[in-house]
Number of protein chains: 4
Amino acid sequence: MTASATLRSRRRPVQRRAQQTVEAILDAVIRILKRDGFEAVTTNHIAEVAGVSIGSLYQYFPDKRAIFAALHRRHVGEIDRGIQTALIENAAASLEDLVRALVDAMIDAHTSDPGLHELLMTEVPHRADDTQEFAVRLHGAFRLAIAARTGELMNVRDLDTAAFVVAHMVDALCHGAALRRPPNLGLAAAKREIANAVLAYLRATPAQAA
Amino acid sequence: MTASATLRSRRRPVQRRAQQTVEAILDAVIRILKRDGFEAVTTNHIAEVAGVSIGSLYQYFPDKRAIFAALHRRHVGEIDRGIQTALIENAAASLEDLVRALVDAMIDAHTSDPGLHELLMTEVPHRADDTQEFAVRLHGAFRLAIAARTGELMNVRDLDTAAFVVAHMVDALCHGAALRRPPNLGLAAAKREIANAVLAYLRATPAQAA
Amino acid sequence: MTASATLRSRRRPVQRRAQQTVEAILDAVIRILKRDGFEAVTTNHIAEVAGVSIGSLYQYFPDKRAIFAALHRRHVGEIDRGIQTALIENAAASLEDLVRALVDAMIDAHTSDPGLHELLMTEVPHRADDTQEFAVRLHGAFRLAIAARTGELMNVRDLDTAAFVVAHMVDALCHGAALRRPPNLGLAAAKREIANAVLAYLRATPAQAA
Amino acid sequence: MTASATLRSRRRPVQRRAQQTVEAILDAVIRILKRDGFEAVTTNHIAEVAGVSIGSLYQYFPDKRAIFAALHRRHVGEIDRGIQTALIENAAASLEDLVRALVDAMIDAHTSDPGLHELLMTEVPHRADDTQEFAVRLHGAFRLAIAARTGELMNVRDLDTAAFVVAHMVDALCHGAALRRPPNLGLAAAKREIANAVLAYLRATPAQAA
DNA sequence: CATGAATGAGTGTTCATTCAT
DNA sequence: AATGAATGAACACTCATTCAT
């Protein structure tokens, strides 16, 4: 393990530098976005802020859109990592604990840099895929979580519907809580409230047939 | 009456034509957005598709951003109208009926042209205000609705928190239901499910103190 | 005389109004020029400031350049009137008195609205003719004045050369005196100095042959 | 020596090329101005005539006005150089020689490309500073010249007034001589005549007090 | 590989001018 | 005549992208 890591880091100093450059470029986009808005995000400006020549920038990205795509991939990846961790660590936990852990992970992801998520979602163009992919993962996470606890959740009739509702609730509420929660609602209280809302939904008596 | 009508009709044609032109321009933006994406939305192209000269376009809008702002205002206004109507018509109704009516209004607004909402939100630049204003109205609507029914909702401790949660739930779930609901979930069923989720949250026993 | 004047003013109220409109337009150009500079002088803006519709403006002037030409004609005409008056009133006067009268007329023309002359000369495009015409008239005035006093001016060898020198001196010095004379030089003193300079030149011993 | 030359020559080519590009752009403006008039002076046209891409043009000048400013600076600088040289070379010469040298310099500056001066002054927009600066320098030159020869010029009462008069005379007469001198007045004769006029003024008995 | 000068298609916007009312 | 909404050619300027060094 140690050996291979050493070998890898010795063999690929180039790749490490490349990775640093890519990171610098993505960070530059965020910096510019925050400071001057999307209109100021030009490739030349990105390169300048990243401390890279415009020529180098084009060595790492085929065009401007690829930069945005990478930025979204990185961002979604970060949130996803938190979710996956919560999912694994609470594989055997109660539904309540799992939900709380997932809400925790989501809010943490949003509060480490509040506004960044919204910035990326509303200002940086992205293929529907980029966001979809994330929604699908969240959906999948909850689908698994619910499926594994059908004993506890006898009122859940349709797994997909429940996962759909819960995923959307968690996404919107965590995002909203990080950015726009009412002044008298603390972050910890918000987490509890969101988890409670989710649990209330999952435990409620199903709707009458249509 | 006749006199005032005559007077009005002498002045109106101009105003009506102006309004038509404005509508044509906003519609053109949507058309281009759908067909060719945001990059194709140039002022000259808008004017062409709207059947208006570029000069006329600039007689109605001071610059490109003003067109986007107007587009957002129109869109939010349309949704808002549905919500306000539901709110008024169900002022004296039960909580359940009111929630169902509001969910109905929201989903209808999203399904008349599914994707338009998302298109505008993700692709057309807008000041935070434009969206915020709408979120605030939805929040206010639910705040009123809940406040008027505290007898029925003894478990709601904090009005703002409840309104916050419900507004975000409804917004995200209705939007999601219109665009991404699971295949086995019909629109009518989705409406019921969303309303049920909201009611389950509102009726649930509040969280224990931390 | 009175009768014909009355008749004329009754018969041509239209022409009088037309003249007023033209004046309003030319004045508007000057107003805009002073307030906002040449870039702000657009036909639409001129019409607005003049209190005339853009359509009417084009009834009086075939295009934008015609407005500038008329403005220059009016301005040159005003200065020219003063010069001609001085010339006629001092037809029989001494050279010294005539020169003083001409300098007086020139400076008065420039000081009634100091800066206007320069504004028109440097900012408003004009055919070479427009200015030339004026220079030629000044040249002509001095040519006549000198020619009529060759007895007094035995040192003047070439009439055209003398008129050329004097016309340029008077033009430049009067213009300069109105706008940029040194702080310790009053207007009256400037007039004397300019006249003296002109007279000194005219009375001086001619240059040795080349 | 060789080392520094090598060092310099490694950096210079870029600077030299840049300077050449700037010159090409300014020359292009003049070419277009002469051939097609000011209205044809568009940035795209300038770039085309200069043999440069429009993008490069904007790498050297922030906007169109900056091009005009540079053009004026270059032009004024050229004339100024001649004046300063004449001033230095004749620092110890007689007043007459100095005046003749200055008139010589001015006329030479105007005759190398007759019409260019007028073209720039009447057609190319320029801040008052650009021209003023030059007038001030000419004024200063004559002020020094006169101040250093008060022994010869006992009739000069006020230095500033004399410098003012002489500077304006020389400027206007040299400019006029280059462009509009009467047909029977050769350039050499014009020079003599202008110098004589200046000397006549400076040597004349001052005006009686008012 | 890195650089950054150079490119030029394409953008938002203006404004002189027209013409139906 | 007078109006002013409408027109659209033309402009100043930007910026994603290339490529010679």
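The values are calculated or read from the model by the stated rules, or taken from the named source; none is laboratory data. Fair warning: this is a prediction, and the values are worked out from it, not measured in the lab. Glycine gets a Cβ as well: all are built from the backbone with ideal geometry, and neighbour counts include every protein chain shown. Note: accessible area is taken over every heavy atom of the protein model, side chains too, but ligands, DNA and RNA are not part of it. Shrake-Rupley method; radii C 1.70, N 1.55, O 1.52, S 1.80 Å.
Could we say that B:Leu153 is among the aliphatic types (A, V, I, L, M) and facing chain A (nearest Cβ under 8 Å) here? Quick ask: steps written out before the conclusion?
Values: among the aliphatic types (A, V, I, L, M): yes; facing chain A (nearest Cβ under 8 Å): no.
No.
Which ones in the range B:112-130 are open to solvent by 40 Å² or more (accessible area, probe 1.4 Å) and either touching a Pro at 6+ places or on another chain (Cβ under 6 Å) or of a type in the set (Val, Ile, Thr) (or both)?
B:Thr122 - this is the single residue of the range B:112-130 that is open to solvent by 40 Å² or more (accessible area, probe 1.4 Å) and either touching a Pro at 6+ places or on another chain (Cβ under 6 Å) or of a type in the set (Val, Ile, Thr) (or both).
Open to solvent by 20 Å² or more (accessible area, probe 1.4 Å), within 14 Å of chain B (Cβ to nearest Cβ), modelled with pLDDT under 95 and within 16 Å of DNA strand F (Cβ to nearest atom) - does that describe any residue in the range A:26-36?
There is at least one residue in the range A:26-36 that is open to solvent by 20 Å² or more (accessible area, probe 1.4 Å), within 14 Å of chain B (Cβ to nearest Cβ), modelled with pLDDT under 95 and within 16 Å of DNA strand F (Cβ to nearest atom).
Looking at this structure, is C:Leu185 assigned to a loop (DSSP other than H, G, I, E, B) and more than 9 Å from every other protein chain (Cβ to nearest Cβ)?
no
If you go through the range A:53-74, how many residues are open to solvent by 30 Å² or more (accessible area, probe 1.4 Å) and within 16 Å of DNA strand E (Cβ to nearest atom)?
Number of matching residues: 11.
For residues that are open to solvent by 40 Å² or more (accessible area, probe 1.4 Å) and farther than 19 Å from D:Gln132 by Cβ, tally how many sit in the range D:75-110.
11
Just to be sure, is A:Ile83 more than 14 Å from chain B (Cβ to nearest Cβ), away from DNA strand E (no atom under 14 Å from the Cβ), closer than 23 Å to B:His126 by Cβ and not in a loop (DSSP other than H, G, I, E, B)?
no
Which pairs turn up if I take residues in the range C:180-208 that are more than 18 Å from D:Asp160 (Cβ to Cβ) and among the β-branched types (Val, Ile, Thr) and look for partners that are at pLDDT below 95 and part of a helix (DSSP H, G or I) with beta carbon separation below 6 Å, at least 6 apart in sequence or on another chain?
Matching pairs, first to second residue: C:Val198/C:Val99.
Quick one: is C:His126 within 25 Å of C:Ala167 (Cβ to Cβ) and in a loop (DSSP other than H, G, I, E, B)?
The answer is yes for C:His126.
So, in the range C:37-52, of the ones that are without any contact (Cβ under 8 Å) to a residue 24 or more places away in the chain and more than 8 Å from DNA strand E (Cβ to nearest atom), which residue ends up farthest from the other protein chains (Cβ to nearest Cβ)?
C:Val49
Quick one: which of C:Gly176, C:Gly140 is facing chain D (nearest Cβ under 7 Å), closer than 21 Å to C:His117 by Cβ and in a helix (DSSP H, G or I)?
C:Gly176
List the pairs whose first member sits in the range C:109-127 and is at positive phi, whose second member is surrounded by fewer than 16 Cβ atoms within 10 Å (Cβ to Cβ), and whose Cβ atoms are under 7 Å apart, counting only residues at least 6 apart or on separate chains?
C:Gly115/C:Leu179
(1) open to solvent by 40 Å² or more (accessible area, probe 1.4 Å); (2) part of a helix (DSSP H, G or I); (3) more than 9 Å from every other protein chain (Cβ to nearest Cβ): which one isn't true of D:Arg192, the others all being true?
Only one criterion in (1) open to solvent by 40 Å² or more (accessible area, probe 1.4 Å); (2) part of a helix (DSSP H, G or I); (3) more than 9 Å from every other protein chain (Cβ to nearest Cβ) is unmet by D:Arg192, namely (3).
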